[in-house]
Amino acid sequence: MKEKILGMIQKEDYYGLLEHFDDNPGLVRKYLTMASFAREEKTGEQVAKCFGFLARERGASHPEFFRETIRRHIWAMNDESGNMDWSAPEIIAEIVAAQPILFEEFASIMIEAALKEPVFYPRLKKAVKVLAGTDPKLIEYQRSRLQELGMIS
């Protein structure tokens with residue numbers, strides 16, 4: 001199953017992933033999260049897009065699953081967990097952008113967490129673009145700080 005899901009990530013086989021999600025969402029989250037820790041930036045971006053697709057398709061029917069996914073990634077961004085989840089800003093942004101009415105409160109939480117650690121800045125910049133493209137209000141609270149850092153104009 002692990003190899004199948006990793007292959008779907010690489011091929012961007014979103015509907016195949018959705019089929020596995022419908023059978024076992026926890027297992028899909030486990031393997032997507034594992035893949036998000038890959039050193040290759042492209043893999044992290046692909047994983048974020050997979051989470052975004054799944055949230056668009058199943059966010060309304062599985063909101064608590066996606067809230068838990070967001071919470072896990074926020075946790076993995078903090079000092080106590082080692083700040084190792086470099087893809088977290090993009091993953092969270094894709095989920096929020098997919099269902100902004102359901103998950104909008106997490107946008108500012110993620111941005112605040114990412115602003116505390118420069119290691120997240122490259123991925124935060126991409127995340128901010130996704131969020132602002134969905135609804136500029138999603139980044140409004142941190143707009144001045146993001147402008148200072150050159151993440152938005």
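So here's what we get for this one:
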read-out: Entries in Lys42/Lys129; Lys4/Lys129; Lys4/Lys126; Lys2/Lys49 that, when Cα-Cα distance is taken, lie over 21 Å; value: Lys4/Lys129; Lys4/Lys126
read-out: Longest site-free stretch - the chain; sites: GluC sites (Glu not before Pro), DSSP loop, at most 16 other Cβ within 10 Å; value: 41-103
read-out: Residue-averaged [θ]222 nm for the chain, counting only DSSP H segments that reach four residues, each worth -39500 (n - 2.57); value: -22000 deg cm²/dmol
read-out: Where trypsin sites (Lys or Arg not before Pro) fall in DSSP loop in region 1-93, at most 10 other Cβ within 10 Å; value: Arg39
read-out: Relative contact order of the chain, pairs being alpha-carbon contacts under 8 Å that are 6 or more residues apart, as %; value: 17 percent
read-out: Candidate aspartates and glutamates for bridging to Lys30, where Cα separation is under 18 Å - those fewer than 8 sequence places away on the same chain excluded; value: Glu3, Glu12, Asp13, Glu19, Asp22, Glu45, Glu64, Glu68, Asp85, Glu90, Glu94
read-out: Per-selection metrics, the chain (Cα): Rg and Dmax in Å; value: 14.5, 45
read-out: Cα-based Kirkwood hydrodynamic radius, region 38-89, one decimal, Å; value: 11.7 Å
read-out: Phi to ³J(HN,Hα) by Karplus 6.51 cos²θ - 1.76 cosθ + 1.60 over region 15-20, Hz, x for Gly, Pro; value: 6, x, 5, 4, 4, 5
read-out: Shape category assigned to region 76-153 from the gyration tensor of Cα positions, a/c cut at 1.5; value: oblate
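Read the figures in this text as sums done on the coordinates, not as results from a lab. Note that the structure is a prediction, hence the values are computed from the model and not measured. Backbone-built Cβ (ideal geometry, glycine too); neighbour counts: all protein chains shown.
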